[in-house]
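For reference, the structure is listed below as structure tokens.
Where a number appears in this text, it was derived from the coordinates with a stated rule and is not lab data. The model shown is predicted, which means the values in this text are computed figures rather than measured ones. Here the Cβ positions follow ideal geometry from the backbone for every residue, glycine too, while neighbour counts run over all protein chains shown.
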Amino acid sequence: MNIKRSPPPPPAFLLAHPAHLIACGFGSGLSPWASGTVGTAFAWATYPLLRALLPHDLFFAAFLALAFAVGVLACEVTGRNLGLPDHGAIVWDEIVPFWCVLFLAPSELAWQLAAFLAFRFFDVAKPPPARAIDERLKNGLGVMLDDLVAAAYALILLSLIKTAASWLD
């Protein structure tokens, strides 16, 4: 199982390589506690700005694909330089998948909060195949991919809740 309890690197680490700045979520991953939750909160806070810059769904989807691909490389380099493939300071793997969740979830605040809680739950719980990916792929792709699985589970749960709520109307 992946252990992410190493202390965060010093702030200067972010500027040592562009990959570090990206993988560490522009500093959000340097939180000494709950860095994954802080990274997810960073994603939630920056999502409205990104959507304002990229309002067309096709362009935003392309941005997400590019952010994922860049994340694979950035997480690979940063994990290697930190000595742990999925060091706790690496939070780009929470940020991009949560942007995906927000992109596909209803935009109301209650739904976004539910999305946040569901994503964090599935990111920590690592249901199949996320745990297998996390345990077997010790590289940038594995770091990014297990959180994409958590995002898929979160979206499935939100869809089930929305469907059940529509039946009650």
Legend entry - Distance between segment 146-169 and segment 15-52 - C-alpha centres, whole angstrom: 25 Å
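Sorted by mean Cβ packing within 10 Å, highest first, what order do the peptides 125-134, 25-34 take? Intermediate values should be presented prior to the final figure.
Working: 125-134: 15.3, 25-34: 18.0.
Listed from highest to lowest mean packing, they are 25-34, 125-134.
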Inset, instruction - Run the numbers on the chain and let me know its relative contact order in percent, using alpha-carbon pairs under 8 Å that are six or more apart. - result: 26 percent
